[in-house]
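Here's the structure, in C-alpha cells; my notes come after.
The values are calculated or read from the model by the stated rules, or taken from the named source; none is laboratory data. On a predicted model such as this, the values are computed, not experimentally measured, just so you know. Cβ: placed from backbone, ideal geometry, glycine included. Neighbour counts: every protein chain shown. For accessibility, only protein heavy atoms count, side chains too; no ligands or nucleic acids. Shrake-Rupley method; radii C 1.70, N 1.55, O 1.52, S 1.80 Å.
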Amino acid sequence: VSTFWSAFTIGTLFLFTQSVEQVFMELYDWNVAHTGYIQCAIVIGECIGWSLNLISRKLYFASASRNTEVPGTPIPEARLYMAVLGGVFGISSGMFTYAWTSYPNIPWIAPAVGLGMVGAGSVLVVTGVSDYVVDAYSQYAGSAMGAVATGENTFSAFLPLATMSMYGHLGLQWASTLLAFISLVLSLVPTLMFVWGKEVRARSPFMN
C-alpha cells in the first residue's frame, strides 16, 4: 500500500509539473527560459515543506506516550500525520489553486503559489512515507525502500508521457482539477492506517 501510494503520488506530481511549460506559455506567452524560472516556486515550496518536517518529528516522538503496543516507543503510523496534511493541504489544494487560477487575466503569481503549495506537500508526503516504511519494516528497511523507490521511478517515467495529451484534451483547468482529485483520494488513503495500522503490522511477518 505504501509503495502504491508513494509511487502514484510521485508519478502524479511529475505529470503535473510537466504541465508548467505548456500552461505558462499558453497563458502568458512566455518563452521556454521564463517557464523554467517559474519552477523555482516548487523549490521554494519544498524548502518550506522541509522546515515543516520538524513538526512531524515532534509528533512522532510525542506518540511514544500513547503506545500501548510497545510502551515508550514511537508509533510508526505517527510518521504519516504530516504526510496526510501535506497531501490534502499541500498537493491537492495546490493543484486546485493552480487549476482555477490558470487564466490569462489572473497574474502569474497565483498559479505559482499553487506550484509552491504542491512542492511543500510533496516533501511532507515523500518524507512521511519513507520514514514510515523504515519504521514499519525496520529489519527489512533496505528491501522495503528499494520496492518504494522502484515504484516511484516506474510511475515517474511513464505517467508524465500523458501530460501534453491530457492538458490538450481536458483543458488547463480541468486537467489539473482531475489530478487534484486523484491526489486528494491518495492523500486520504493513509488515514486507514491510523485505524488498522497496528493490526496490519501484527499480521505481517515482515513488519514490526
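For the stretch 169-195, a tally of residues being more than 20 Å from L124 (Cα to Cα) and surrounded by 12 or more Cβ atoms within 10 Å (Cβ to Cβ) returns 9. None of E46, E21 is out of contact with any Pro (no Cβ under 8 Å at 6 or more places or on another chain), modelled with pLDDT of 85 or more, in a helix (DSSP H, G or I) and under 20 Å from S130 (Cβ atoms) except E46. Among the residues making up the stretch 4-22, those that are within 21 Å of the chain's Cα centre (by Cα), open to solvent by less than 50 Å² (accessible area, probe 1.4 Å) and not aromatic (F, W, Y) are S6, A7, T9, I10, G11, T12, L13, L15, T17, S19, V20.
The condition of being within 17 Å of the chain's Cα centre (by Cα) and of a type in the set (S, T, Y) holds for only one of S143, S138, S93, that being S93.
Does V118 meet the test of being of a type outside the set (S, T, N, Q), part of a helix (DSSP H, G or I) and under 30 Å from A202 (Cα atoms)? No. Within the stretch 63-80, the set of residues being among the hydrophobic types (A, V, I, L, M, F, W, C) and in contact with a Pro (Cβ under 8 Å, 6 or more places away or on another chain) comprises A64, L80. Within the stretch 63-93, the set of residues being more than 16 Å from Y132 (Cβ to Cβ) and open to solvent by less than 70 Å² (accessible area, probe 1.4 Å) comprises G72, V88, G90, I91, S92, S93.
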